[in-house]
Amino acid sequence: MKLVSYKTEDREHLGIYIKGHIYNLNSCDKLIPDTMNEFLWGGNELMEHAKKVNEAILSGKIEAKEELFFEMLAPVPHPTSCRDGYAFRQHVAAARRNRKVDMIAEFDQYPIFYFTNHNAIQGPGEIECMPDHFQKLDFELEVAIVLNKKGRNIRAADADSYIAGYMIMNDMSARTLQMEEMLLNLGPAKGKDFSTVIGPWLVTPDELEQYKTSPKEGHTGVTYNLSMKCHVNGVEVSSGNMADMDWTFAEIIERCAYGCDVLPGDVIGSGTVGTGCFLELNGTGLLNDANYKPQWLQPNDLVEMEITGLGVLGNVIKKSSDDFSILALKK
């Protein structure tokens, strides 16, 4: 089942995506709220209601009215929080190699994450960036989950049951801002807080059952054999697979929930897949060829991320009309 959030006449709605069409869930079952956040707080009970609607539309038992005029939003437009993990060893190892530092042993000892700006969540469409963002503007190809159960001190063996579904995530990054602030051992903050893109829909775990595969040796939790690709202006720049995650979402949830509550509506990213950003690609290119020309995102670029089973997430990068720069304020 694919769940979407969309807007009609400035009002947000919860819908279901079936064979290229969107249907309003609340109009099919009044027990289902008309917003994603309320729906997620209903846990598995409301999820079962939505699945029954999905099956009824597919089988023709009900004739739902298709939405014709709408604006697609992020599937979870207002997360209760947004964390991003660091799950792909290939990406971490390549990034460190490119900086001529050894792989850090702690990566294999515990999963980590950081909090990013949950009020900067966006869906398909335009991403407006300020001048400083275009100082080494980058994409990051990831998978994200959202939770639909409240929990605390969750064990990894039980954690997958807290996942409502999966989405594509593009963790947009302004590398100059990011690297400057991290010299002070704090962040990432301003380099990340302007846009995190998720979408185009939320895919429930049952739809991915055919892609299920075993986690890496010594790890606990579900993972999937999902091809991950990113194209910029129609040119493939990144290719990986969700099965390459070393730390599973279950293990990341276990760490997130240690000594604190996780909530329905919490979004958690996987971290960047290997080859999944220009920072890594440029570093590898320069390591192998001193004449390599680094690439960064530019105004009007089209970024399209495609993950097996999760769809295609497309965004156009736009330049803000405001010329204000915080980099210019440095003392």
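General remarks:
- Scanning residues 5 or more positions from Gly165 or on other chains, those with amide H under 5 Å from its amide H are Val146, with H placed 1.01 Å from N in the peptide plane.
- Going by neighbour counts of Cβ atoms within 10 Å, the residues Thr8, Thr196 line up, fewest first, as Thr8, Thr196.
- Mean Cα-pair separation over length for the chain, i.e. relative contact order, pairs under 8 Å, 6 or more apart, %: 23 percent
- Between His231 and Ala189, the modelled label-to-label distance comes to 3.9 nm, taking each label 7 Å out from Cα in the direction of the beta carbon.
- 3J(HN,Hα) from dihedral phi, the range 196-208, Karplus parametrisation 6.51/-1.76/1.60, rounded to Hz, x for glycine, proline: 10, 9, 10, x, x, 9, 9, 9, 6, x, 4, 6, 9
- For the range 81-329, with +1 on Lys and Arg beta carbons and -1 on Asp and Glu, the positive-most of Ser161, Ala105, Gly191 along the dipole: Ala105
- Correct choice for Rg/Rh (Cα atoms, Kirkwood Rh) that was computed from the model, options [x] 1.24; [y] 1.14; [z] 0.97: [z]
- By the beta-carbon count within 10 Å of each Cβ, the least crowded to most crowded order of Cys260, Cys129, fewest first, is Cys260, Cys129.
- You can think of it this way: the chain between Tyr110 and Arg155 has 14.8 nm of extra reach, that is 0.36 nm per residue less the Cα-Cα gap.
- Packing-based exposure ordering (other Cβ within 10 Å, fewest first) of Lys331, Lys192, Lys150, Lys65: Lys331, Lys65, Lys150, Lys192
- For the range 17-31, 3J(HN,Hα) per residue [Karplus equation, 6.51 cos²θ - 1.76 cosθ + 1.60, θ = phi - 60°, Hz, x = Gly/Pro]: 9, 9, 6, x, 10, 10, 10, 7, 6, 4, 6, 8, 8, 5, 6
- Cα centroid separation, the range 209-251 to the range 288-331 (Å): 23 Å
- For the chain, the longest principal axis of the C-alpha atoms and the axis of helix 89-98 are separated by about 20°.
- Dipole check for the chain: with +1 at the C-beta of Lys and Arg, -1 at the C-beta of Asp and Glu, and the Cα centre as origin, the magnitude is about 520 Debye.
- Proximity of backbone amide H atoms, modeled 1.01 Å from N, is registered between Val237 and Cys230, His231, Val232 at under 5 Å, excluding neighbours fewer than 5 places apart on the same chain.
- Loop exposure criterion: chymotrypsin sites (Phe, Trp or Tyr not before Pro), DSSP state outside H, G, I, E and B, at most 13 other Cβ atoms within 10 Å. Applied to the chain, the longest stretch between such sites is 70-257.
- Secondary-structure-derived ellipticity at 222 nm for the chain, considering helices only, amounts to -5500 deg cm²/dmol, per-run term -39500 (n - 2.57) for DSSP H runs with n ≥ 4.
- Once you reduce the range 105-126 and the range 1-20 to the center of their Cα atoms, the two points are 25 Å from each other.
- Residue among Asn37, Val4, Asn54 farthest towards the positive dipole end of the range 2-72, charges placed on Cβ: Asn54
- Karplus (6.51, -1.76, 1.60) ³J(HN,Hα), θ = phi - 60°, over the range 229-245, in Hz, Gly and Pro reported as x: 9, 10, 10, 10, 6, x, 9, 5, 10, 8, 8, x, 8, 4, 4, 7, 4
No lab work stands behind these numbers, since they all come straight from the coordinates. All values reported here derive from a predicted model rather than from experimental measurement. When we count neighbours, we look across all protein chains shown, and the Cβ atoms used for this are built from the backbone with ideal geometry, even at glycine.
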